[in-house]
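Below is one structure, written out as structure tokens; the observations come after it.
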Amino acid sequence: MKTFDDIEVRRPALAKSYLALIDAQPGRPLAMFAPRRVGKTHFLDHDLAPAARRAKWLPVYADLWLQKSAPLAAINHALEEALDEVNVPAGALGRLAKTPVKKLGALGASLDLGDAPSRRPLPAAPELRLDTLVVRLAEAAGRPVLLMLDEIQALGDVPDGERIIASLRAVLHKRRDILKSVFTGSSQEAMVRMLSTAGSPMYQFAQLLDFPVLGDDYLQALADHFATVHARKSLKLPDLQRVFARIGHKPGLMRDLVKALSAEGQTDVDAGVKRFLQDGRQVAGWSALLQPLDLFERALLLVIAQGLPPMGRDTLDRLAQAQGGRPTVAKVRAAIERLRRAGLLARGGNGSTAIDDPLFAEYLQGRTLEQLRAP
């Protein structure tokens, strides 16, 4: 029986166009930006990787958040896993096929298997290991490698990030005949800083694109399934479009909202969002986000959620209530940077600083500084 969780929208045409862009510029990565939870990873797994396999490429996915403190190790780990899968097929018959025959008995009645082939160990230095792994994997698979690096901005968050980025660029350029790549990132500011800043190792090396969010086909699929569950009830597409934009075009959250409406037999989507904002589990989650922050950082989030410029004169006067004195611009900037690194703030489309999660921003808009003293 089909459920809301079974609804998926595939984008083969978008995947095909991305592969064409990658193939047309050997060695140059494609860098896709979109906020978190809008479907980038799902696209890589369900659209781009299958399209790459059909094109006779070997897709390898690496989440750089797997080991934030050592993102290059996360890349090498993904390549090593892919190499193991190619060299050591699953099942006894697959492993036997990879083992050379040392001696054949009379009439083939017995086999004396030789030692498995071995090569010199992989280099210990992570940068050299990356280069060697790419070569060995492409050679073993007999096809080019498509390296899909998720949350690429993590490279800029480690002390030796610039050196790692330079090594990655060198390998991508050196092995451009066998290595193709696509990057994704959820921090536009970090990606631009890494890819478009003059003097940086990746300066103008990757092609930076805005990853498109899901469109009306996904919303219509939700509405159609709702109609099959509830006879004589329906969800209006304009209402779904408005709420989808309101929640930041997050398909998983949109699905959960429609599921909640379905469970209650309701069709008022805006009322569903209001109930979501008041849900105790959501409030507890947002309170947990505020818990590690000091009062000044909470107050800064509050004024930003209310649409005030964080460096404005009136804003600084309001922030004085959180520390007993007017803060300096330098202190505000430092706090903004900390909140960005924590994933709570992002750069808005007009260049302004905004709350990363639109619903978290709505929650903050309904709070006062006094309430934030003990979230």
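The values are calculated or read from the model by the stated rules, or taken from the named source; none is laboratory data. Only a predicted model underlies this, so the values are computations on that prediction, with no experimental measurement involved. A quick note on method: Cβ atoms are made from the backbone with ideal geometry, for glycine too, and the neighbour counts reach across all protein chains shown.
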Selection from region 2-29 of residues within 18 Å of the chain's Cα centre (by Cα) and closer than 14 Å to residue 144 by Cβ yields 29
Being over 19 Å from the mean Cα position of the chain (by Cα) and aliphatic (A, V, I, L, M) narrows 152, 178, 165 down to just 178
Scanning region 228-248 for residues that are of a type in the set (A, V, I, L, M) and farther than 19 Å from residue 215 by Cβ, the one surrounded by the most Cβ atoms within 10 Å (Cβ to Cβ) turns out to be 229
Taking the stated definitions as given, is residue 259 in contact with a helix residue (DSSP H, G or I) (Cβ under 6 Å, 6 or more places away or on another chain) and basic (Lys, Arg)?
yes
Of the residues in region 58-75, those that are assigned to a loop (DSSP other than H, G, I, E, B) and surrounded by fewer than 21 Cβ atoms within 10 Å (Cβ to Cβ) number 6
Those residues of region 245-268 which are part of a loop (DSSP other than H, G, I, E, B) and more than 17 Å from residue 216 (Cα to Cα) amount to 265, 266, 267, 268
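For region 157-168, state whether one or more residues are among the aliphatic types (A, V, I, L, M) and at pLDDT below 90.
yes
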With criteria (1) among the charged types (D, E, K, R); (2) under 26 Å from residue 6 (Cα atoms); (3) in contact with a Phe, Trp or Tyr (Cβ under 7 Å, 6 or more places away or on another chain), residue 210 comes up short on (2)
For region 139-162, pairs from a residue that is touching a residue at least 24 places away in the same chain (Cβ under 8 Å) and assigned by TED's automatic domain parsing to the domain that holds residue 35 to a residue that is surrounded by 17 or more Cβ atoms within 10 Å (Cβ to Cβ) and of a type in the set (D, E, K, R), with Cβ under 6 Å and 6 or more apart or across chains, are 144/180; 146/180; 150/63
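Mind telling me which of the residues 327, 251 ends up being at pLDDT below 95 and either surrounded by 17 or more Cβ atoms within 10 Å (Cβ to Cβ) or in the same structural domain as residue 39 (by TED's automatic domain parsing) (or both)?
Criteria check complete, one pass: 327.
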For region 205-226, pairs from a residue that is loosely packed, with under 14 Cβ neighbours inside 10 Å to a residue that is part of a strand (DSSP E or B), with Cβ under 8 Å and 6 or more apart or across chains, are 210/32; 210/33
Residue count, region 134-167, condition within 11 Å of residue 82 (Cβ to Cβ) and among the small types (Gly, Ala, Ser), comes to 3
Considering residues that are touching a residue at least 40 places away in the same chain (Cβ under 8 Å) and over 19 Å from residue 134 (Cα atoms), the number found within region 20-41 is 12
Residue 193 fails exactly one of (1) at pLDDT 95 or above; (2) of a type in the set (D, E, K, R); (3) surrounded by fewer than 19 Cβ atoms within 10 Å (Cβ to Cβ), namely (1)
Of (1) surrounded by 19 or more Cβ atoms within 10 Å (Cβ to Cβ); (2) out of contact with any helix residue (DSSP H, G or I) (no Cβ under 8 Å at 6 or more places or on another chain), residue 168 satisfies every one except (2)
Across (1) outside any loop (DSSP other than H, G, I, E, B); (2) over 29 Å from residue 141 (Cα atoms); (3) out of contact with any strand residue (DSSP E or B) (no Cβ under 9 Å at 6 or more places or on another chain), residue 192 clears everything bar (3)
Suppose the filter is closer than 29 Å to residue 225 by Cβ, out of contact with any Cys (no Cβ under 9 Å at 6 or more places or on another chain) and either buried (at least 17 other Cβ atoms within 10 Å of the Cβ) or among the basic types (Lys, Arg) (or both); does residue 258 pass it? yes
